[in-house]
Structures are given as structure tokens and as C-alpha cells.
């Protein structure tokens, strides 16, 4: 590990903090961890563990299998996986071959998957058995050359691997790695002996990941993240936390690896630090508390909804959380009372920060040493410049205390959107990333998010784009008009509320609309609240006054 950078006690907002940028790629950083700590535990997954030497051996075998299938440098490999060892193996095996990883959300609908697979040009997909019904529904809509199937039971120890299918079936989940014609088993691919592929030259500037995000248009865009973008964020987190002990930390991986925050903070960063990654396939509050109590994580990256669920658990006092000394919170504002309650339980510190997919993702964080300001996203990371500019033209820098658009420049910022020069030009201007978020900066250089320039909704850390929800609502044969907004939610941060105008003479219910949305939208995008109206307020040219509706809802909440 490089010598840690110590955050300066007296931060000068006019002088960005500096560290040396990393020159390693992600696979090289992992190989360095394995070389220095071969017998240290790299992964823990529900009772099973892998040392760094074992992890590297499995990655090498999988890389040989993928090479045998024809995966070449620059080609895209798509992963439709929750947090599990297979996600780590496939991610690093693809990067070792010089390929590009496309991270897909297992909650996505077939329509969403088809768009992202076709847009990325991925021809090999590794998917969990639970997702196979909707993957098979894609049919010829996506011209995949190889479909590889795996299951969580593949990496569970006995007898959990034997019991798991029974539990899954009781929950209504499809389980068992049944492969149809033309499909391959992950374990067969991994364990079939093959010659090692030729070594591929590694370059920091090479594209590593296509990470899909969206916009107010509702059309997903793939942020192109290079090895240097992602490794820079790893180095920046290391620099920000001088207490880190290489080879000794234990990081609880609840954040999904397919999300930019989880990919960096729960996978790439801890593995580059030779930490133990304690993998949980999804967030279940009891399982998280048991994992903390048993495996003693030292660092816990999470979103506010997770902290809210933990502190409100009725048996929270039965679990020992004292091993945690540091938490990184992002994706949504962290209520001060939640921070104070969680810190009293752990004696650790929650550092609230900010990031976005296009910046790999973290750009700001409150310091673990020095002043930590409630409600603030903290200070810019080393080598990161941040300014507040007027929201209209985006060219005039504003004084401390004034509200404008937050713009960012730094080595973690993406190179652009995949095959989308128009959106790239809107987001990246003269080397600056225009975030679309309204913010302010105080005299000491601390930043505060005030509102969103766009109408994107963030629920439980996931971005939801109103137009996408509205397009599905408009497909309902009995809906005449609809608009979606985000309103505060004590657990998810925000939730989706829809204003719906039924067609004359029609009686609709919340349940009917939610059932209809299930076929088109991931579960977290489905409106939780629906208000039926005779008409929606509009401008003279017919544009729905979305902000006015949201403000009405905020007044009602208060």
C-alpha cells in the first residue's frame, strides 16, 4: 500500500489537496494484494471463505474459460448478478483479459435489460438462476453468443448449499442451475481444465466498466469508466482514511456491486487494500446484524436507508457492533439523528459524502479527522476541484453561500457516455463534469447539496427517472394523464408518488396500477403513493407543472 496521505487540518478551499495518482490497473492492484497477503481472507460468503491466493487461482481459471469462449480485449461481458463470489470472479477475470464489464441490475425488467445489452453490444452474459425466466424472455431481442448460468448455492458450504434451494422455492424464487440448449454452467466453465490465455498488456487509460445511469429523458446512458478512473477513487479513499491498515481491515459488502457506490466502496477499494470483503447477497436487516456481530467488520459503506433500518431494529441491543470504526454514507441525505444514534451504538464515525456514477463515484466526503459538518457532503477528494456556478449559463462562478450548480473536475471523472456524444457534450464541458445538482459552498470549503436541478428521484440509493415511470403509466389503457415526483420518505430517503388522471367513467385503484407497473418497471421504481385527480396543472403550452405538484406534496408531508 502506498504511504497514506493525511488530510490537512486547515483546509484551503482554493488549493486542491494532492496525492500521487495510481499507475496500476484493477487486476494489477488485486494481484499486488495477493502477492503481499496470499493467506489473508479475501472473501467471506455465508460461511465460506477464500484467501487471496485461492481467489487469484479461481479468477485465472475463469479467465481461461472466458478466453476459450472468445472474450477478447475491448469486448463487453455483462453481469446480471447480486453480491456473490461469482460477481467478483467474473469482474476481475474479464478485466484481466482486457475486456469491459457491463454491470446490470438484477431487478431490471426484460425491457430494461434488452436495451442495455443491445446498447453495450455485450455478447456474453453471466446471470443468476433467479433471473433466468426474464433473461430467457429476451429471446432473439438480444443476440447473445453465450449465456452462463450460476446460483448462490454454487458457493455455499455444506449443508447450506443443499438447504438453500428449498428456502428459495418457499420464497417463490427460481433456483437450480438448469441450463437450456446453448447455455453454460458457471461451475463447469470454471472447473474445465484449459490452457492459460496469453497475458494481455494492462493500461490505466483502458476502458474497464460501462456503468448505466439515466437522465430526465428516462433513456439509460453508459458512463465509460477507465481503470484510472476507478483506481483513482480507490487511492482517494485510502488517502482520506489514514487509519486504514492494509491487510487487516474487514469491509461489510451490503451495497450492491452492480451499483457504482458498491462497486468501488465494497469491492474494488477493499480488495486493493487486501481487506476481507464480507459479502451479503442483499440487504436483510437481521442478516446484516448477525454478520456484524459474527464477522466483526471494521468499515461499513452504506446508504441512509440501511442505517435507519438498523437503528430501528427491535433487538439492536442484542448485537455487538463495536468493531465498526468507520462508515461511508452516500446516495441520499443522512439525517443527523440517524447518524448520532448509529454512532452511539458502534462508537465509530459515519462520514457523509457525495458522488455520482460519472465520477466512479465519490467526489466529496466529510473528514474522519478534523471538522465534520452536519448536513454537509464534506470536502472535495484529493486531486478534485469543485465549484458552484450559476445554474442558468454554467459559466459564472458563485461566491460562498450562493446556490448554483455543482461542477467537478478530477481524474476520477468518466471519459464520456458510451456511443452518445450529444449527452457527453451536455455533461462534460471544458473538462468539467456538470452534475445537475444545486449546491452551495461555505467559507471553509464544505459543500452542501440544496436540491436537484433535474427531477431525478433517489430512493434507497437508486436513481429513478420520472419520465420512465410516466411512460409506463401512460401505457395503462385506463389512464389519461400522469406525472411522477419524488417525495420524502423516512426509510428510503425518497419514494415515488404518481398523480394520475383516469379516463372518464373509470375507477382505478392503487393496487391495479402497481400490478400493471410490475411488468415494466423494477420494483423500486413502482409508485408507492398514487393521488387520483380530475386534471393536472399545466402551463399554457401544455407542460405539466411537476415542481408545483411536488411542492404541494411536500406541504402535505409537513
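The values are calculated or read from the model by the stated rules, or taken from the named source; none is laboratory data. From a predicted model like this one, the values you see are computed outputs, not experimental measurements. Cβ placement follows ideal geometry from the backbone for every residue including glycine, while neighbour counts extend to all protein chains displayed.
The condition of being more than 18 Å from residue 117 (Cβ to Cβ), in contact with a strand residue (DSSP E or B) (Cβ under 6 Å, 6 or more places away or on another chain) and in the same structural domain as residue 266 (by TED's automatic domain parsing) holds for only one of 229, 238, 245, 233, that being 233. Residue 399 meets each of the listed conditions (1) outside the structural domain of residue 223 (by TED's automatic domain parsing); (2) at pLDDT 95 or above apart from (1). Counting only residues that are in contact (Cβ under 8 Å) with a residue 40 or more places away in the chain and under 15 Å from residue 92 (Cα atoms), region 35-74 holds 15 of them.
Scanning region 105-144 for residues that are crowded, with 20+ Cβ neighbours inside 10 Å and without any contact (Cβ under 8 Å) to a residue 40 or more places away in the chain returns 113, 117. The set of residues in region 221-243 being surrounded by 20 or more Cβ atoms within 10 Å (Cβ to Cβ) and in a loop (DSSP other than H, G, I, E, B) consists of 241 alone. A single member of 494, 515, 471 is more than 18 Å from residue 219 (Cβ to Cβ) and surrounded by fewer than 16 Cβ atoms within 10 Å (Cβ to Cβ), and it is 515.
Would you mind stating whether residue 333 is surrounded by fewer than 20 Cβ atoms within 10 Å (Cβ to Cβ), in contact with a helix residue (DSSP H, G or I) (Cβ under 9 Å, 6 or more places away or on another chain), in the same structural domain as residue 232 (by TED's automatic domain parsing) and under 30 Å from residue 407 (Cα atoms)? Criteria met by residue 333.
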